[in-house]
1. Can you give me the number of residues within the stretch 207-230 that are surrounded by fewer than 18 Cβ atoms within 10 Å (Cβ to Cβ) and either within 15 Å of the ligand (Cβ to nearest atom) or among the acidic types (Asp, Glu) (or both)?
2. Can you tell me which residue within the stretch 15-47, out of those that are outside any strand (DSSP E or B) and small (Gly, Ala, Ser), is least open to solvent (accessible area, probe 1.4 Å)?
3. Would you mention how many residues in the stretch 319-372 are open to solvent by 90 Å² or more (accessible area, probe 1.4 Å) and of a type in the set (Val, Ile, Thr)?
4. Give the stretch 311-335 a look and list any residue that's in contact (Cβ under 8 Å) with a residue 60 or more places away in the chain, within 27 Å of residue 124 (Cβ to Cβ) and under 16 Å from the mean Cα position of the chain (by Cα), or say none.
5. Here are the criteria: (1) open to solvent by less than 60 Å² (accessible area, probe 1.4 Å); (2) more than 17 Å from the chain's Cα centre (by Cα). Tell me which single one residue 147 does not satisfy.
6. Any residue in the stretch 124-134 that is open to solvent by less than 60 Å² (accessible area, probe 1.4 Å) and more than 22 Å from residue 274 (Cα to Cα)?
7. Taking residue 278, is it within 16 Å of the ligand (Cβ to nearest atom), touching a strand residue (DSSP E or B) at 6+ places or on another chain (Cβ under 6 Å) and either among the β-branched types (Val, Ile, Thr) or on the phi > 0 side of the Ramachandran plot (or both)?
8. Give 254, 238, 244, 264 a once-over and let me know the one that is touching a helix residue (DSSP H, G or I) at 6+ places or on another chain (Cβ under 7 Å) and away from the ligand (no atom under 16 Å from the Cβ).
Amino acid sequence: MKIDQIDLYQIHMPLVAPFETSFGSKDHRNLILARVCADGLVGWGEYASDGPGYSYETVESGWHILKDYLIPLALSAPFSGPRECPERFHRVRGHNFAKSCLEGALWDLFAQRSGLSLRAYLDAGRGITRDRVTVGVSIGIQPSPQKLAEKIETFLQYGYLRIKIKIKPGRDIEDARVARSVLPGRMLMVDANSAYSLADAGVFQAMEDLDLLMIEQPLGYDDIYEHHKLQRQLRTPICLDESIHTPDHARMAIELDACKIINIKQGRSGGLTRAIEIHDLCQAAGMPVWCGGMLETGIGRALNLALASLPNFTLPSDLSASNRYYNPDIIDPPFDINPDGTLSVPTGPGLGVQIVPSRLKAATLRAATFRP
Ligand code: MG
């Protein structure tokens with residue numbers, strides 16, 4: 001498949017409510033969408049890192065790396081499949097979110113060319129993927145533990161099966177206790193986004209009686225080793241997120257017993273190819289995974305749903321309904337949660353979602369077109 005044209009759009013998307021984590025609060029998202037044309041088809045990819053925060057990648061760095069490095073590489077020769085992307089982009093070190101943006105569009109294109117949904121394309125006739133994905137909701141740090149309790153009650157009414165709360169030093173043990181008190185017997189977890197050190201082990205030991213599903217990324221954003229030391233001190237499973245950028249990182253975490261669960265984000269992993277490799281490694285090791293979110297629009301959400309349809313995604317994923325973050329989303333129809341607490345994986349060709357041109361136009365801050 002020879003790419004004829006790539007268009008980049010930097011878009012500004014207001015969030016329906018501010019989202020606060022241990023590294024700050026956001027009331028909007030700056031994202032990049034890539035529109036890739038080949039063989040008379042159009043594929044879409046999303047760049048979902050508006051760091052520096054969760055990741056070092058910013059919208060400016062993403063635009064630069066895409067425009068000056070990845071797009072010239074993508075236009076330099078035809079692709080025989082999307083799994084070629086990691087090798088094609090290998091000379092660019094890091095910048096995984098930028099790589100995943102183009103790779104996502106190529107998965108969309110190749111699935112469309114096969115006349116298949118991305119889920120069916122990933123399944124390849126093996127019958128291993130599912131058509132619905134169990135989802136949970138991620139709740140940012142609220143003004144007070146009381147407000148957190150109110151927020152949880154609201155999301156339970158929407159049908160989410162698992163609640164995740166963000167924590168930070170000073171807003172941890174009490175928030176977790178309040179959350180547990182309004183969620184007896186339900187799936188509850190905390191996400192620290194790397195806000196603690198090993199010296200804070202007592203904070204997590206104090207949560208041991210709360211029956212948390214997991215504690216996500218308590219220590220350094222690039223650490224695997226100290227998580228292994230912390231996991232030895234805890235019964236509650238540790239889940240790694242920020243630290244796992246490559247299949248090698250996942251293998252190291254598995255070999256060290258640094259965690260019992262991995263949150264897979266295809267953007268953080270540089271695209272679906274590597275994300276699937278991490279999934280397969282974890283599956284072989286008996287380690288469950290789930291799919292994390294980056295507050296994506298419906299484009300990234302559709303890609304994530306196809307990924308999360310793979311069999312080792314046995315824990316609820318952070319893939320909320322569209323209206324959790326955007327109203328309206330850039331796609332139509334939006335994703336809605338099913339009565340059984342799941343999201344349906346799209347069945348149309350490729351990503352199976354439609355961009356609304358007027359919404360894209362209204363959200364666009366800058367655009368650029370690239371041809372061979
Ligand atoms: Mg996380």
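1. Number satisfying all stated conditions: 7.
2. Taking the candidates together, the pick is 22.
3. Here the count works out to 1.
4. The answer is 313, 315, 316, 317, 318, 319.
5. The number of the failed condition is (1).
6. Checked against the condition, which is being open to solvent by less than 60 Å² (accessible area, probe 1.4 Å) and more than 22 Å from residue 274 (Cα to Cα), the stretch 124-134 yields at least one hit.
7. yes
8. Being touching a helix residue (DSSP H, G or I) at 6+ places or on another chain (Cβ under 7 Å) and away from the ligand (no atom under 16 Å from the Cβ) holds for just one of 254, 238, 244, 264, which is 254.
The values are calculated or read from the model by the stated rules, or taken from the named source; none is laboratory data. Model, not experiment: these values are computed from the prediction. We place every Cβ from the backbone using ideal geometry, glycine too, and count neighbours over all the protein chains shown. Accessible surface areas use protein heavy atoms only, side chains included; no ligands, DNA or RNA. Shrake-Rupley method; radii C 1.70, N 1.55, O 1.52, S 1.80 Å.
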